[in-house]
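Here the structure is laid out as structure tokens; the discussion comes afterwards.
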Protein chains: 2
Amino acid sequence: MSEKISFLGLGNLGMPIAESLINSGYELTVWNRTQSKAEPLAILGAKVAAEPMDAIIPGGIVISVLADDAALEEIFSMEVVEKLGKGGIHISMSTISPETSRQLSQIHEWYEATYVSAPIFARPEAVKARIGNICISGNVAAKERVKPILQTFVKGIFDFGEEVGAANVVKLAGNFMIAASLEMMGEAFTLAEKNGISRQGIYEMLTQTLFAAPIFQNYGKVVASNIYEPVAFRLPLGLKDINLTLKTASDSNVPMPMADLIRNRFISAIAKGRDNLDWGALAMGASDDAGL
Amino acid sequence: MSEKISFLGLGNLGMPIAESLINSGYELTVWNRTQSKAEPLAILGAKVAAEPMDAIIPGGIVISVLADDAALEEIFSMEVVEKLGKGGIHISMSTISPETSRQLSQIHEWYEATYVSAPIFARPEAVKARIGNICISGNVAAKERVKPILQTFVKGIFDFGEEVGAANVVKLAGNFMIAASLEMMGEAFTLAEKNGISRQGIYEMLTQTLFAAPIFQNYGKVVASNIYEPVAFRLPLGLKDINLTLKTASDSNVPMPMADLIRNRFISAIAKGRDNLDWGALAMGASDDAGL
């Protein structure tokens, strides 16, 4: 592969993406705040950078998969973006606000680099199976240059045009819908359980028929069993995302009462000490309320 | 076919079911409050009864597809159930409360008849395509006798055991989930629209990936277009169903905050004169609130 790629952020999602890129033949320079997490990738042939600045290749491609808006803003300092510079492209895959994308995009423009939003819908196992999906938005030429790279590890790429924040909005709307599906199943399965019907029974019926979609089949299994470990996406990250959804909604004057309800469920789950569970544990609120 | 069937209720759903049974070779005696609606079935060979009592065959099978609990209780008077009598089976397909099913089941038992709950998940076009699904509960022997009849016009039959109200609970939980999906898409698509993203674009992305299920694909198309005609299921029937869900929830001590939100959306839609639209118009509430 001709493209050399800098890769920043080796969390639950970043790690399998980086690994997939190395396996596809890309030369990766990786950076992670906790450097030891990069070791398995070094064994596969990745260079490991001590600082973000050291990872950046002038005019090259950098992919970031970071925890939140603050981490992205901190790591992509003026100096880092200046080094990326003319012809450089930043593929920003984190789930962040469209506002942060717009601001970062402007900074990149000042230094003649290009910022592309490319948030991904995938749990770690979906990355490994190459069945994730990416929403993308930003400069047309930059998107065309990076799509072949993204295509090596996802199933679908959905283009939402040139406004750089658009893909972030779709990602936040989608994450809201996943969280709302958890609450929906929590309430429905609890209603069934309190009426003597097994949670597994109603889960099977609904997810084989009307709700035969990955979100309901995968998360529904978890909600039916009411067991929220192992953790693929920690519950506080769900609160972070719904807060971003509601901030974006407020900024664009969109009341979202269902999202408000979800937000309160996340806050309550954390109050009950569920911050180390998978975000599916949001659904426990309905069971708690019913005295189960 | 050896079974002669009485069929009560030729509404949007009852009509295609009755037609399908005739086409499968069953001898039907049909009754409908507005008798003229039976005429197309008479042409196909159905007998038309002037009163429910006249349609009943002692020891036979009667299928009811009626508007609500009150209609079912009124039509299945003591006299009608007495005529159905020993060996008779009533397949009750209406969306009603589990409580009404339990009470009617007891009345049937007094007269040595059997009441089976068999609510159906299907819009009229799904009945015609034989892709609907039935939840069933009640007496084991009666269910075995009627399943071959039901199998002629649905794709799946899901058995929820002997407690006669169980299938009704699953149906109400499922209808709640459909209505909640409408609200969810209403909020998500409105957030997209107010951020310059086409409703059609976010609809296509989400329903080809995470939400690739019939409910989201079919209703999502309608929510994306914001056009709620033609009507397959009138909006006030949605309010009727969510009221039944919340009544059942209250009876079993299950708070359902998402269902409360849905109920208020239905009430508001009726207040705004949308009672002649399809129940998908529930999703307009989110657009209204955002000033669209």
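Only the coordinates and a few stated rules stand behind these numbers; no lab work does. It should be emphasised that the depicted structure is a prediction, and the values quoted were computed from it without experimental measurement. Cβ atoms come from the backbone with ideal geometry, glycine included; neighbour counts cover every protein chain shown.
Some values worked out for this structure:
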quantity	calculated
Long-range Cα-Cα pairs in region A:4-163 (distance over 25 Å), rounded percent	20
4 °C / 1.567 mPa s Stokes-Einstein diffusion coefficient of region B:1-41, Kirkwood radius on C-alpha pairs, µm²/s	127
Out-of-range pairs (alpha-carbon distance over 27 Å; input A:Lys171/A:Lys221; B:Lys86/B:Lys143; A:Lys37/A:Lys247; B:Lys47/B:Lys247)	A:Lys37/A:Lys247; B:Lys47/B:Lys247
Qualifying aspartates and glutamates (Cα of each under 16 Å from Cα of A:Lys128; at least 8 residues distant if same chain)	A:Glu19
Crossing angle, helix B:257-271 versus chain B [Cα axis fit, 0-90 degrees, rounded to tens]	90
Amide H partners (placed H, <5 Å) of B:Phe158, local residues excluded	B:Ile134, B:Cys135, B:Ile136
Fraction in percent of alpha-carbon pairs per bin - 10 Å, region A:83-124	30, 48, 18, 3
For region A:148-292, convex hull volume per residue from C-alpha positions, Å³	134
Shortest-first nm distances, A:Ala42 label point to equivalent points in other copies (7 Å, Cα→Cβ)	8.8
Of B:Asn253, B:Asn243, B:Asn23, the one that fluctuates the most in a GNM where chain B has Cα springs shorter than 10 Å	B:Asn253
Exercise: per-residue mean of other protein chain Cβ atoms within 10 Å, A:259-265	2
For a label point 7 Å along the Cα-to-beta-carbon line of A:Asn23, residues of region A:127-145 with backbone N under 11 Å	A:127-131
In degrees, nearest ten, helix A:199-208 long axis to first principal axis of chain A (Cα)	60
Other copies of A:Asn253: label-to-label distances in nm, shortest first, labels 7 Å along the beta-carbon direction	4.7
Inter-site label distance for B:Lys86 and A:Gln208 at 7 Å from Cα along Cβ, in nm	3.8
Rotation relating A and B, chain B residue nearest the axis via C-beta, angstrom	B:Ala213, 2
Calculated FRET value between B:Ala129 and B:Leu44, using beta carbons and R₀ = 22 Å, to 0.05	0.70
Qualifying GluC sites (Glu not before Pro) for region A:85-117 [loop in DSSP, other Cβ within 10 Å: at most 15]	A:Glu112
Relative exposure of A:Met284, B:Met205, A:Met53, B:Met185, judged by other C-beta atoms within 10 Å (fewest first)	A:Met53, A:Met284, B:Met205, B:Met185
Computed Kirkwood radius, in angstrom, where 1/r is averaged over Cα pairs of region A:194-273	14.7
Ratio Rg/Rh, restricted to the protein assembly as shown and using Cα atoms, in which Rh is the Kirkwood radius	1.07
Value in Å of the Kirkwood radius, where chain B supplies the Cα pairs that are averaged	19.9
Across B:Lys4/B:Lys155; A:Lys194/A:Lys240; A:Lys194/B:Lys83, pairs whose alpha-carbon gap is larger than 28 Å	A:Lys194/A:Lys240; A:Lys194/B:Lys83
FRET efficiency estimate (nearest 0.05) - Cβ-Cβ, A:Asp251 to A:Gln151, R0 41 angstrom	0.80
Sorted by Cβ neighbour density within 10 Å, fewest at the top, the residues B:Ser97, A:Ser225, A:Ser20, B:Ser181	A:Ser225, A:Ser20, B:Ser97, B:Ser181
Full-stretch length increase - B:Glu73, B:Val140 - with 0.36 nm per residue and alpha-carbon distance subtracted	21.8 nm
Nearest-ten-degree value, helix B:140-151 long axis tilted from longest Cα axis of chain B	60
3J(HN,Hα) from dihedral phi, region A:61-74, Karplus parametrisation 6.51/-1.76/1.60, rounded to Hz, x for glycine, proline	10, 10, 10, 10, 10, 10, 5, 7, 4, 5, 4, 5, 5, 5
Estimated FRET transfer efficiency (A:Thr34, B:Asp288; beta-carbon r; R0 35 Å; 0.05)	0.15
Nm distances between copies for B:Trp110, ranked from closest, using label points 7 Å along Cα→Cβ	8.3
Paramagnetic reach from B:Asn276 in region B:210-243 [backbone N under 16 Å; point 7 Å along Cα→Cβ]	B:228-237
Relative contact order of region A:169-289, defined on C-alpha pairs under 8 angstrom at six or more residues apart (%)	38
Region B:19-55-region A:198-246 distance, computed between alpha-carbon centres (Å)	44
